[in-house]
Amino acid sequence: MSLKKIVMSGEDVPENGDRDADLALQTRARTKRPPMYKVMLLNDDFTPMEFVVLVLERFFGMNHAQAFEIMLKVHKKGLAVVGVFSHEIAETKVNQVMQLAREHQHPLQCTMEKE
Ligand code: TYC
């Protein structure tokens, strides 16, 4: 039974199935939030720690202490999320990291994954 009918609860309430309630659900504006993507750095045995710190400062807006902490997390745990972004921004960050790593001939890997 619709909320309206429960509240009114009189004999004079017209019976129309639950079409009032159905209509309310169908017409409510549904603004979906866009999907977000985690950007991750992966550990390897060759990329210098200072290079990873530089990447985190340059592309992920971290100060030196934050960048060093996250670099160590990747080094110890194998990977870490370094930011969460819209699809387009995440893709840009991954490409920037991968290009700089390539230019310096480091095997650093950066990937993205839907949250
Ligand atoms: N493990 C690397 C080293 O010992 C450092 C490193 C940290 C590499 C984080 C990649 O994403 C990385 N030189």
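Here, each number is a calculation from the coordinates, and none is a lab measurement. Not measured: the values here are computed from a predicted model. Note that we place each Cβ from the backbone using ideal geometry, even for glycine, and neighbour counts take in every protein chain shown.
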| query | For M36, which sequence-distant residues (separation of 5 or more, or a different chain) have an amide H within less than 5 Å of its own amide H, given hydrogens modelled in the peptide plane? | reply | E115
| request: Among L54, S86, M98, flag the residue with its Cα farthest along the positive direction of the charge dipole of the stretch 32-115, charges on Cβ as +1 for Lys/Arg and -1 for Asp/Glu. | output: S86
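Just rank T92, T27, fewest to most, by other beta-carbon atoms within 10 angstrom. List each step's numbers first, then the result.
Working: T92 14, T27 7.
Going from least to most buried by this count: T27, T92.
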| task | Pull up all non-local amide H partners of A80: gap of 5 or more, or a different chain, and H-to-H distance under 5 Å with H placed in the peptide plane. | result | L41
